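This is the structure I want to talk about, given as structure tokens.
Every read-out reported here was derived from the displayed coordinates using simple, explicitly stated rules and does not represent laboratory data. No experiment lies behind these values; they were computed from the predicted model shown. Here the Cβ is made from the backbone with ideal geometry for all residues, glycine too, and neighbour counts use every protein chain on show.
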Amino acid sequence: MLSICIPIFNQDVGTLAAELHRQAAGLGTPVELLLLDDGSDEPTKEKNRGLASLPLVKYEELPENIGRSRMRNELAKRSAYPYLLFIDCDMEVTSGEYLQQYIRYTEPGTVVCGGHLYSKDQPDQPWLLHWLAGSCREVKAAEKRRERPYHSFMTANFMIDKQVMARIGFREDLSGYGHEDTLMGYGLKKEGIPVLHIDNPLYHNGLEPASVFLEKTAESLENLWKSYKLTGKDPVYARMVTILRTYLTLKKWGLSNVLGKFSGLLARPAERHLQSRHPSLRVFDLYKLCVLCRVAD
């Protein structure tokens, strides 16, 4: 009944797979665990290959990296069962009834998001910015996510009817890092497919140092602009993304070009601050807006 799909890239998924396998074995319904490696380094592959010995696991390796969107579409094609549970490889199961919670919602047309959490323990300085941004901006209870169900759609922990996945899927013409989930949420909204949000979270363990996190943030903003263009610059899409909506308002007022020009001067002081012991999320928001103004104008 359920295909658990985990795209792997440079991550040891032993603990995650073992817990999912333990829960799956006790469900009393058909379950498979699809682990597909997307061109990880050899040490990572060596750590994960042993998981193929677990009865419910299908572990395979792609010869080269094909990217986040194509990877998830490929997992869907390889799945055997009518419901697909997508889990990012850097997540951790928090509940002994995690899979059972999703099984309760296996109905035709289902799209269910479980949400995610970050540790309450503050990490050391290098990882502080990512932890703050994730804890304060990403983590939302289901009740809050339901207010804007498509805007809140995220791919780290969600279940989808395989037929809906075949109909919507991930846009493979959006390569690189970031906003493939935003674009899929937009597709679900345009097709009028309901998205249900529940409290069935996983812990996000993949904190990255601030320097890496800032690089990925810049890449994701480039992808945001690309994704906006892929929609034909649809106002519906713009209204789904706060920073995009803000940029377009500034552009309308003739201010985005000014902010984009100043972004080069502001970038280094902002990056130094954001890698400090006391990063401000307001500075981070301004930094992101400057980056978007630069890449979009």
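Hey, can you rank 131-140, 249-258 by average C-beta count inside 10 Å, highest first?
Highest-to-lowest ranking by the protection proxy: 131-140, 249-258.
Go ahead and run the numbers for FRET between E92 and C136, Cβ-Cβ distance against an R0 of 30 Å, rounding to 0.05.
Computed FRET efficiency for E92 and C136: 0.90.
Follow-up. For helix 180-190, what angle does its Cα long axis make with the longest principal axis of the chain, in degrees from 0 to 90 and rounded to 10?
Helix 180-190 and the main axis of the chain meet at about 80 degrees.
If you don't mind, another one. What FRET efficiency comes out for S276 versus V236 if R0 is 45 angstrom and r is the Cβ-Cβ distance? Round to the nearest 0.05.
0.70
Shifting gears a bit: Cut-off 17 Å, label point 7 angstrom out along Cα-to-Cβ of D124: give me the residues of the stretch 183-223 whose amide nitrogen falls inside.
206-213, by backbone N distance to the label point.
What distance in nm separates the two pseudo spin-label positions at K190 and K47, each 7 Å out from Cα along the beta-carbon direction?
Each label point is offset 7 Å from its Cα along the Cβ direction, giving 3.8 nm.
Further question on the same structure: Calculate the spin-label point distance for Y203 paired with K144, positioning each point 7 Å from the Cα along the beta-carbon direction, and give it in nanometres.
2.0 nm
Counting other Cβ atoms within 10 Å, which GluC sites (Glu not before Pro) in the stretch 1-103 have at most 12 and lie in a DSSP loop?
Answer by residue number: E64, E97.
For the stretch 213-296, count all C-alpha to C-alpha pairs, find those more than 18 Å apart, and express that count as a whole percent of the total.
I get 42 percent for the Cα pairs in the stretch 213-296 exceeding 18 Å.
Hey, another quick one. Which value, in Å³ per residue, describes the convex hull spanned by the Cα atoms of the stretch 1-129?
Hull volume normalised by residue count: 132 Å³.
Could you line up F9, F153 from fewest to most neighbouring Cβ atoms inside 10 Å?
Ranking F9, F153 by Cβ neighbours within 10 Å, fewest first, gives F9, F153.
So what does the Cα-only Debye profile of the stretch 68-193 read at q = 0.10 Å⁻¹, as log10 I(q)/I(0), no solvent term?
The Cα Debye sum returns log10 ratios of -0.34.
Follow-up question, since we're still on this one. Give me P(r) over the chain, computed from all C-alpha to C-alpha distances, binned every 10 Å, as integer percentages.
6, 26, 35, 24, 8, 1, 0
For n ≥ 4 DSSP H runs only, could you compute -39500 (n - 2.57) per run for the chain, divide by its residues and tell me the 222 nm figure to the nearest 500?
The helix contribution divided over the chain gives -14000 deg cm²/dmol.
On a 0 to 90 degree scale, rounded to 10, what angle separates helix 210-230 from the longest Cα axis of the chain?
90 degrees
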